[in-house]
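Notes for the one structure printed next.
No lab work stands behind these numbers, since they all come straight from the coordinates. Just so it is clear, the model here is predicted, and its values are computed rather than measured. Cβ placement follows ideal geometry from the backbone for every residue including glycine, while neighbour counts extend to all protein chains displayed.
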């Protein structure tokens with residue numbers, strides 16, 4: 001249902017400060033800056049008798065170089081109790097857990113960041129051809145405390161008007177109708193008006209800039225590749241977008257505001273990753289490029305065939321004594337080369 005034009009902006013619960021932290025993907029260096037910012041914000045909140053909650057949106061592992069260190073630091077930060085912490089599960093954590101349980105062979109996981117995670121744990125890597133027994137590799141490499149931590153992660157959290165989920169919520173379903181696969185794998189391609197009334201804060205759908213849409217806020221800025229880990233601060237009706245980057249001068253993490261935001265975005269075909277598969281825009285892109293190249297090649301060949309057919313027919317048309325009967329039987333018995341190229 002479309003909100004009224006004069007509807008107030010969504011608000012965090014009174015007296016609370018909420019931080020959402022985007023997809024980390026093995027960037028322990030950027031996480032260090034985020035945790036330092038959270039400690040400082042928690043002290044400031046406590047001094048004014050407010051409560052600070054940190055919501056981590058999932059995808060802690062894979063792709064980046066230090067997945068093991070990221071999990072260690074998150075476990076330590078939780079135990080530190082500097083603030084209330086909520087750890088949501090991302091699709092990458094779900095697949096790792098499925099591999100450890102033996103319910104997923106993990107072949108897709110290796111293609112999409114799993115090798116980096118195994119390397120961070122010092123695992124004896126399986127061959128890159130036949131994959132071997134990944135379940136045994138993961139269970140031998142990952143400490144039980146790490147797997148237990150990932151098993152305790154949640155799929156969703158709600159504070160006031162804001163709902164937090166790794167992938168977000170399907171706009172065509174009510175909140176109670178969302179499946180675990182929706183919350184882990186759904187991919188946004190537009191800022192659609194949802195059936196539910198919550199403002200969704202999510203990661204998973206990467207964009208170079210944070211997105212402040214009408215019904216959702218997206219903060220996956222692909223930290224593992226761009227070097228920018230996004231934090232969203234919610235306090236009452238106020239929103240502040242910050243990013244942790246590595247300063248060139250000191251090579252240390254530093255916190256700075258985002259000076260530019262996207263209001264919404266649209267990126268290609270509507271691939272819905274709702275079946276627990278790697279159906280994402282970034283993974284579909286190579287296939288789309290291949291299809292585009294094939295289509296371009298077909299067009300070029302068809303055009304070349306048409307030109308050849310035209311040049312071949314031109315001398316016949318220009319001869320003054322040429323008659324229709326000379327060309328008609330041949331075209332009926334032998335299909336035109338241009339026609340064959342277009343039909344093929």
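Averaging sequence separations of C-alpha pairs under 8 Å and six or more residues apart, then dividing by the length of the stretch 16-279, give the relative contact order as a whole percent. If you can, show how the numbers build up before the last one.
On the way: 575 pairs, mean separation 56.0, N = 264.
Once divided by the residue count of the stretch 16-279, the mean separation gives 21 percent.
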Spin-label pair residue 40/residue 125, simplified geometry with 7 Å Cα→Cβ offset, distance in nm: 3.7
Added length on full extension, which subtracts the Cα-Cα distance from 0.36 nm per residue, residue 79 to residue 250: 58.6 nm
Shape call, the stretch 16-279: gyration tensor on alpha carbons, a/c limit 1.5: oblate
Protection proxy ranking of 72-79, 29-36, 42-49 - average other beta-carbon atoms within 10 Å, highest first: 29-36, 72-79, 42-49
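Please sort 220-228, 61-69, 238-246 by packing, taking for each peptide the average over its residues of neighbouring beta carbons within 10 angstrom, highest first. Please report the intermediate quantities before stating the final value.
On the way: 220-228: 20.0, 61-69: 23.4, 238-246: 18.4.
Highest-to-lowest ranking by the protection proxy: 61-69, 220-228, 238-246.
Can you give the FRET efficiency for residue 136 and residue 179, using 1/(1 + (r/R0)^6), R0 = 30 Å, r = Cβ-Cβ distance, to the nearest 0.05? Please report the intermediate quantities before stating the final value.
Numbers: r = 30 Å, r/R0 = 1.00.
The pair residue 136/residue 179 has a calculated efficiency of 0.50.
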At R0 = 51 Å, FRET efficiency that the Cβ-Cβ distance of residue 302 and residue 111 yields, to 0.05: 0.90
Estimated FRET transfer efficiency when R0 is 30 angstrom, pair residue 225-residue 264 (beta carbons, to 0.05): 0.85
